[in-house]
1. Quick check on the range 84-127: of everything there that is assigned to a loop (DSSP other than H, G, I, E, B) and within 20 Å of E39 (Cβ to Cβ), which residue is modelled with the lowest pLDDT?
2. Here is a list of conditions, (1) at positive phi; (2) in a loop (DSSP other than H, G, I, E, B); (3) of a type outside the set (G, A, S), and Q334 meets all of them except one; can you say which number that is?
3. Looking at I160, I145, which one is assigned to a strand (DSSP E or B) and in contact (Cβ under 8 Å) with a residue 24 or more places away in the chain?
4. Given the criteria modelled with pLDDT of 95 or more, hydrophobic (A, V, I, L, M, F, W, C), in the same structural domain as L314 (by TED's automatic domain parsing) and within 19 Å of A270 (Cα to Cα), does V193 qualify?
5. For E84, state whether it is touching a residue at least 24 places away in the same chain (Cβ under 8 Å), outside the structural domain of A290 (by TED's automatic domain parsing) and surrounded by 19 or more Cβ atoms within 10 Å (Cβ to Cβ).
6. Is there a residue being of a type in the set (S, T, Y) and surrounded by fewer than 19 Cβ atoms within 10 Å (Cβ to Cβ) anywhere in the range 305-319?
7. Got a sec? Which of R309, R289, R340, R326 is in contact (Cβ under 8 Å) with a residue 40 or more places away in the chain and among the basic types (K, R)?
Amino acid sequence: MINYARQTQEEQPEAPAPVEEHIAPAPRVSVQAFCETVETAAAVQSAGEDRRLGKAHLKIQMGGMAAAIEAYRSAPTPNVIVLESDARNDLLAGLDQLATVCDAGTRVVVIGRINDVMLYRELVRRGVSDYVLAPVGAIDVVRSICNLFSAPEAKAVGRIIAVVGAKGGVGASTISHNVAWAIARDLAMDAVVADLDLAFGTAGLDYNQDPPQGIADAVFSPDRVDTAFIDRLLSKCTDHLSLLAAPATLDRVYDFGTDAFDAVFDTLRATMPCIVLDIPHQWSGWTKRALIGADDILIVAAPDLANLRNTKNLFDLLKAARPNDRPPLYCLNQVGVPKRPEIAATEFAKAIESQPVVSIPFEPQIFGAAANNGQMIAEISANHKSIEMFLQIAQRLTGRSETKKQKSSLLSPLIDKLRGK
């Protein structure tokens, strides 16, 4: 019979993973589900609306195994078939029959209610890619389909973190650049900052970089985008931090389609463990797509009414569009401006129904000096209290703890010299 897919899983089905696990998005594949119950059909439908299956083309049909066999007698099979079946004998016999009409390379996911290792072994022997116990939720379907295209030996797909301001001028770019610095320096993760404000981006100024090429070269040449091309566009800031700079020129108009940045993001995912998107404060198809498609989101807001309204709107939109992801995070910035009436952090949290990660005080002298010198806050003042706040944000967004630094001694310089020799 035709082998549906090479089975790489263990003999026993794995226990359900936590909701906040990192699931790599599926590529552009066709998926067809044949369900027997309306509950499973609803779960599959909800999974199809998840951002990680945004590129997949999903169709749902009732009828289970019999409908699948009938459908493929005269039609080619998709990349993935999802089958729901309750009966053991009918399932195995149906799979044998399906194999006669199934194209080579098609992967099969079975949803069943029998928790039996012998059945699981029979499914493995027949080449079934995954067996999921019913009842299933949307995240179970998402995990099963996405994991088909994430081989255990493959390099982990990069995590995209999107940072956006609730209002213009709240310092979202400054926060994103300093948080990326903390991710690279304190968490020792290779990271890249992608400045998406092509006309007015400040990442090049903040990192004191003036690269001849940047993200615009990739966006306007989508056919050339690959790993080697993106590597040439990156500007190295530190050992662990790179920059995909914006041109910050007005010699052309930057009008983009909804999927203009998809190729850039996909390539960065394949090469970088962490990608920080500095998203400009504008609302368009591609900015909405970038936010919804990110793994984690940070909203930067100032403590006033307009920021509160906009943060609330963003929270509501993102929670509805990303029901299987954790809610976005937010921080308050520029807190304590002299003589300015402000909304207290407790009132802000009550309206948003979520606590801010941190509240960063208004300190124009040090932040202004850093911006004008092309430096990060940590470079201006190593012990400044905001540095710890940037690290807290970095840890919440990445789920990582600070890398332990080796303690130095009086003999350290001498030992370093001897090692060098």
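The values are calculated or read from the model by the stated rules, or taken from the named source; none is laboratory data. Treat the numbers as computed from the prediction; the structure is a model and nothing was measured. Because the Cβ atoms are built from the backbone with ideal geometry, glycine has one as well, and the counts that use them run over all protein chains shown.
1. The first filter runs over the range 84-127 and keeps only residues assigned to a loop (DSSP other than H, G, I, E, B), leaving 85-87, 100-106, 113-116, 126-127.
Checking which are within 20 Å of E39 (Cβ to Cβ) leaves us with 85-87, 113-115.
Values: S85: 87, D86: 79, A87: 74, R113: 88, I114: 85, N115: 86.
That would be A87.
2. (2)
3. Numbers: I145 fails: assigned to a strand (DSSP E or B).
Residue meeting the stated conditions: I160.
4. Working: modelled with pLDDT of 95 or more: yes; hydrophobic (A, V, I, L, M, F, W, C): yes; in the same structural domain as L314 (by TED's automatic domain parsing): yes; within 19 Å of A270 (Cα to Cα): yes.
Here the answer is yes, as V193 does meet what is asked.
5. Working: touching a residue at least 24 places away in the same chain (Cβ under 8 Å): yes; outside the structural domain of A290 (by TED's automatic domain parsing): yes; surrounded by 19 or more Cβ atoms within 10 Å (Cβ to Cβ): yes.
The answer is yes for E84.
6. Quick first cut of the range 305-319, residues of a type in the set (S, T, Y) only: 311.
Still in the running and surrounded by fewer than 19 Cβ atoms within 10 Å (Cβ to Cβ): none.
No, the range 305-319 contains no residue that is of a type in the set (S, T, Y) and surrounded by fewer than 19 Cβ atoms within 10 Å (Cβ to Cβ).
7. Working: R309 fails: in contact (Cβ under 8 Å) with a residue 40 or more places away in the chain; R289 fails: in contact (Cβ under 8 Å) with a residue 40 or more places away in the chain; R340 fails: in contact (Cβ under 8 Å) with a residue 40 or more places away in the chain.
Of R309, R289, R340, R326, the one residue that is in contact (Cβ under 8 Å) with a residue 40 or more places away in the chain and among the basic types (K, R) is R326.
Here's the yes/no breakdown for (1) over 30 Å from E342 (Cβ atoms); (2) among the hydroxyl-bearing types (S, T, Y):
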site: I69; (1), (2): yes, no
site: Y72; (1), (2): yes, yes
site: V80; (1), (2): yes, no
site: V109; (1), (2): yes, no
site: R121; (1), (2): yes, no
site: D130; (1), (2): yes, no
site: A134; (1), (2): yes, no
site: G169; (1), (2): no, no
